[in-house]
Amino acid sequence: MTVEVHRVGPAGSLAADSQFGVALTTLWHAVSQAGGAVGFAPPVERPAVAAKAAPVVDDLRSGRAQGIALIAGHDLVGFGRLTPGTGITAHTGSITLVMIDPTRQGSGLGALLMNELMTLAAELGLERVELSIRDGHRLDGFYRRHGFVEWGRRPGWVRVADGDDRDEIFLWADPRSAR
(Lines give C-alpha, C1' and ligand atoms only; values in the text may rest on other atoms or scores of the structure.)
Protein backbone atom coordinates (compact mmCIF):
# COMPACT_ATOMS: atom_id res chain seq x y z
CA MET A 1 0.00 0.00 0.00
CA THR A 2 1.23 3.49 -0.85
CA VAL A 3 2.21 5.76 2.01
CA GLU A 4 1.49 9.47 1.68
CA VAL A 5 3.46 12.14 3.53
CA HIS A 6 1.47 15.05 4.98
CA ARG A 7 2.43 18.07 7.00
CA VAL A 8 0.06 18.61 9.91
CA GLY A 9 -1.07 22.02 11.05
CA PRO A 10 -2.16 25.41 9.75
CA ALA A 11 0.18 25.39 6.72
CA GLY A 12 -0.03 21.64 6.20
CA SER A 13 -2.06 19.40 3.95
CA LEU A 14 -3.63 17.65 6.95
CA ALA A 15 -5.69 19.48 9.55
CA ALA A 16 -4.97 19.09 13.25
CA ASP A 17 -8.62 18.38 14.00
CA SER A 18 -10.49 15.93 16.19
CA GLN A 19 -10.28 13.21 13.54
CA PHE A 20 -6.50 13.57 13.50
CA GLY A 21 -6.51 13.50 17.32
CA VAL A 22 -8.29 10.14 17.31
CA ALA A 23 -5.82 8.77 14.73
CA LEU A 24 -2.86 10.05 16.75
CA THR A 25 -4.24 8.50 19.93
CA THR A 26 -4.71 5.16 18.13
CA LEU A 27 -1.14 5.15 16.78
CA TRP A 28 0.39 6.37 20.05
CA HIS A 29 -1.50 3.73 22.04
CA ALA A 30 -0.41 0.93 19.67
CA VAL A 31 3.24 2.06 19.80
CA SER A 32 3.12 2.33 23.60
CA GLN A 33 1.52 -1.09 24.01
CA ALA A 34 4.30 -2.55 21.85
CA GLY A 35 6.92 -1.06 24.19
CA GLY A 36 7.86 1.95 22.06
CA ALA A 37 9.74 4.72 23.83
CA VAL A 38 7.08 7.41 23.50
CA GLY A 39 6.32 8.36 27.08
CA PHE A 40 4.44 5.34 28.41
CA ALA A 41 5.37 1.89 29.67
CA PRO A 42 2.97 -0.91 28.78
CA PRO A 43 0.32 -1.61 29.68
CA VAL A 44 -1.22 1.81 29.18
CA GLU A 45 -4.89 2.71 29.04
CA ARG A 46 -6.12 4.50 25.91
CA PRO A 47 -7.65 7.42 27.91
CA ALA A 48 -4.19 8.17 29.37
CA VAL A 49 -2.78 8.40 25.85
CA ALA A 50 -5.71 10.53 24.68
CA ALA A 51 -5.06 12.98 27.52
CA LYS A 52 -1.47 13.44 26.29
CA ALA A 53 -2.53 13.61 22.62
CA ALA A 54 -4.96 16.51 23.13
CA PRO A 55 -2.28 19.16 23.87
CA VAL A 56 -0.16 17.84 20.97
CA VAL A 57 -3.09 18.42 18.61
CA ASP A 58 -3.59 21.90 20.11
CA ASP A 59 0.08 22.74 19.49
CA LEU A 60 -0.22 21.53 15.88
CA ARG A 61 -3.47 23.45 15.36
CA SER A 62 -1.98 26.69 16.74
CA GLY A 63 1.29 26.37 14.83
CA ARG A 64 3.42 26.14 17.99
CA ALA A 65 4.57 22.80 16.58
CA GLN A 66 4.49 21.15 13.19
CA GLY A 67 3.96 17.51 12.42
CA ILE A 68 4.73 15.00 9.74
CA ALA A 69 2.11 12.28 9.27
CA LEU A 70 2.50 9.12 7.23
CA ILE A 71 -0.86 7.90 5.93
CA ALA A 72 -1.56 4.49 4.35
CA GLY A 73 -5.11 4.25 3.06
CA HIS A 74 -7.07 5.89 5.86
CA ASP A 75 -4.63 4.94 8.64
CA LEU A 76 -2.03 7.05 10.39
CA VAL A 77 1.02 4.76 10.30
CA GLY A 78 3.71 7.23 11.32
CA PHE A 79 4.06 10.55 13.06
CA GLY A 80 6.73 12.94 14.30
CA ARG A 81 6.52 16.41 15.86
CA LEU A 82 8.90 19.31 15.35
CA THR A 83 8.75 22.21 17.80
CA PRO A 84 10.81 25.24 16.74
CA GLY A 85 12.50 27.31 19.41
CA THR A 86 11.50 30.91 20.12
CA GLY A 87 13.34 34.08 21.03
CA ILE A 88 17.04 33.49 21.56
CA THR A 89 16.60 29.79 20.65
CA ALA A 90 14.67 30.45 17.41
CA HIS A 91 17.49 28.80 15.43
CA THR A 92 16.85 25.48 17.22
CA GLY A 93 14.08 22.94 17.51
CA SER A 94 13.05 19.70 19.18
CA ILE A 95 11.86 16.52 17.54
CA THR A 96 9.55 14.37 19.65
CA LEU A 97 6.97 11.62 19.30
CA VAL A 98 8.69 9.78 16.47
CA MET A 99 6.35 6.81 15.99
CA ILE A 100 5.81 4.11 13.40
CA ASP A 101 2.96 1.60 13.58
CA PRO A 102 4.48 -1.51 15.19
CA THR A 103 3.19 -3.73 12.37
CA ARG A 104 5.13 -1.62 9.84
CA GLN A 105 8.47 -1.24 11.62
CA GLY A 106 11.46 -2.29 9.57
CA SER A 107 9.81 -1.19 6.33
CA GLY A 108 11.76 2.07 5.88
CA LEU A 109 8.98 4.29 7.20
CA GLY A 110 11.12 5.49 10.10
CA ALA A 111 13.81 6.71 7.69
CA LEU A 112 11.16 8.40 5.53
CA LEU A 113 9.69 10.11 8.59
CA MET A 114 13.09 11.36 9.83
CA ASN A 115 14.06 12.61 6.37
CA GLU A 116 10.81 14.58 6.20
CA LEU A 117 11.27 16.01 9.71
CA MET A 118 14.83 17.09 8.90
CA THR A 119 13.70 18.63 5.60
CA LEU A 120 11.00 20.56 7.43
CA ALA A 121 13.52 21.75 10.03
CA ALA A 122 15.88 22.94 7.27
CA GLU A 123 13.04 24.73 5.47
CA LEU A 124 12.20 26.52 8.72
CA GLY A 125 15.82 27.73 8.88
CA LEU A 126 16.69 25.72 11.97
CA GLU A 127 20.40 25.17 12.52
CA ARG A 128 20.14 22.62 15.33
CA VAL A 129 17.51 20.10 16.31
CA GLU A 130 17.58 17.88 19.33
CA LEU A 131 15.83 14.78 20.50
CA SER A 132 16.18 12.30 23.32
CA ILE A 133 15.99 8.54 23.34
CA ARG A 134 15.77 5.88 26.00
CA ASP A 135 18.81 3.63 26.33
CA GLY A 136 18.20 -0.03 25.64
CA HIS A 137 16.15 0.35 22.43
CA ARG A 138 19.14 0.38 20.09
CA LEU A 139 17.89 3.59 18.46
CA ASP A 140 21.19 5.48 18.57
CA GLY A 141 22.41 3.86 15.33
CA PHE A 142 19.19 4.82 13.55
CA TYR A 143 19.53 8.45 14.59
CA ARG A 144 23.27 8.55 13.86
CA ARG A 145 22.43 7.61 10.25
CA HIS A 146 20.38 10.81 10.16
CA GLY A 147 23.28 12.97 11.35
CA PHE A 148 22.61 12.97 15.09
CA VAL A 149 25.38 12.85 17.67
CA GLU A 150 25.15 12.33 21.39
CA TRP A 151 25.71 15.37 23.59
CA GLY A 152 24.65 14.14 27.00
CA ARG A 153 22.93 11.64 29.25
CA ARG A 154 20.83 11.51 32.37
CA PRO A 155 21.71 8.19 34.03
CA GLY A 156 18.77 6.13 35.25
CA TRP A 157 16.30 8.90 34.35
CA VAL A 158 13.61 6.74 32.74
CA ARG A 159 11.92 4.03 34.79
CA VAL A 160 10.26 1.53 32.46
CA ALA A 161 9.51 -0.97 35.24
CA ASP A 162 10.46 -1.65 38.85
CA GLY A 163 14.20 -2.28 38.87
CA ASP A 164 14.58 -1.23 35.20
CA ASP A 165 15.89 2.32 35.01
CA ARG A 166 17.36 3.52 31.71
CA ASP A 167 19.54 6.44 30.70
CA GLU A 168 17.93 9.25 28.74
CA ILE A 169 20.31 10.04 25.87
CA PHE A 170 20.33 13.49 24.25
CA LEU A 171 21.22 13.83 20.57
CA TRP A 172 21.48 16.79 18.21
CA ALA A 173 21.96 17.37 14.47
CA ASP A 174 22.21 20.19 11.94
CA PRO A 175 19.21 19.68 9.65
CA ARG A 176 20.91 21.66 6.89
CA SER A 177 23.51 18.92 6.46
CA ALA A 178 21.78 15.82 7.89
CA ARG A 179 19.35 13.54 6.02
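Taking the criterion of being within 15 Å of Gly93 (Cα to Cα) and surrounded by fewer than 18 Cβ atoms within 10 Å (Cβ to Cβ), the only residue of the stretch 152-171 that qualifies is Phe170. Condition check for Gly110 on (1) farther than 24 Å from Gly87 by Cβ; (2) touching a residue at least 12 places away in the same chain (Cβ under 8 Å); (3) out of contact with any helix residue (DSSP H, G or I) (no Cβ under 7 Å at 6 or more places or on another chain): one failure, at (3). Residue check: Ala50 meets all listed conditions (1) in contact with a Ser or Thr (Cβ under 7 Å, 6 or more places away or on another chain); (2) small (Gly, Ala, Ser); (3) surrounded by 21 or more Cβ atoms within 10 Å (Cβ to Cβ) but one, namely (3).
Taking the criterion of being touching a strand residue (DSSP E or B) at 6+ places or on another chain (Cβ under 7 Å) and crowded, with 16+ Cβ neighbours inside 10 Å, the residues of the stretch 1-25 that qualify are Val3, Val5, His6, Arg7, Val8, Gly9, Gly12, Leu14, Ala16, Phe20, Ala23, Leu24.
Step by step: first the residues of the stretch 160-170, then only those that are without any contact (Cβ under 8 Å) to a residue 24 or more places away in the chain and assigned to a strand (DSSP E or B), then the one that is farthest from the chain's Cα centre (by Cα). Which residue is that? Once the filter is applied, the top-ranked residue is Asp164.
In the stretch 60-71, the condition of being surrounded by 15 or more Cβ atoms within 10 Å (Cβ to Cβ), touching a Lys or Arg at 6+ places or on another chain (Cβ under 7 Å) and over 21 Å from Ile133 (Cα atoms) is met by no residue. Residues in the stretch 128-145 that are surrounded by fewer than 15 Cβ atoms within 10 Å (Cβ to Cβ) and assigned to a loop (DSSP other than H, G, I, E, B) were compared, and the one that is modelled with the highest pLDDT is Arg145. Selection of the stretch 87-104 for residues being out of contact with any Gly (no Cβ under 8 Å at 6 or more places or on another chain) and within 14 Å of Trp28 (Cα to Cα) yields only Thr103.
Of all residues in the stretch 2-41, those satisfying the criterion of being in a loop (DSSP other than H, G, I, E, B) and free of Cβ contacts under 8 Å to residues at least 60 places away in the same chain are Gly9, Pro10, Ala11, Gly12, Ser13, Ala15, Ala16, Asp17, Gly35, Gly39, Phe40. Assess whether Glu45 counts as being over 16 Å from the mean Cα position of the chain (by Cα), open to solvent by 70 Å² or more (accessible area, probe 1.4 Å), acidic (Asp, Glu) and within 24 Å of Arg159 (Cβ to Cβ). When the stated conditions are applied, Glu45 passes them. Listed conditions (1) touching a Phe, Trp or Tyr at 6+ places or on another chain (Cβ under 6 Å); (2) aromatic (Phe, Trp, Tyr); (3) buried (at least 17 other Cβ atoms within 10 Å of the Cβ) are all met by Phe148, apart from (1).
The values are calculated or read from the model by the stated rules, or taken from the named source; none is laboratory data. Keep in mind it's a predicted model, so treat the numbers as computed, not measured. Cβ atoms come from the backbone with ideal geometry, glycine included; neighbour counts cover every protein chain shown. Ligands, DNA and RNA are stripped out before the accessible areas are found, and what is left, the full protein with its side chains, is counted by its heavy atoms. Shrake-Rupley method; radii C 1.70, N 1.55, O 1.52, S 1.80 Å.
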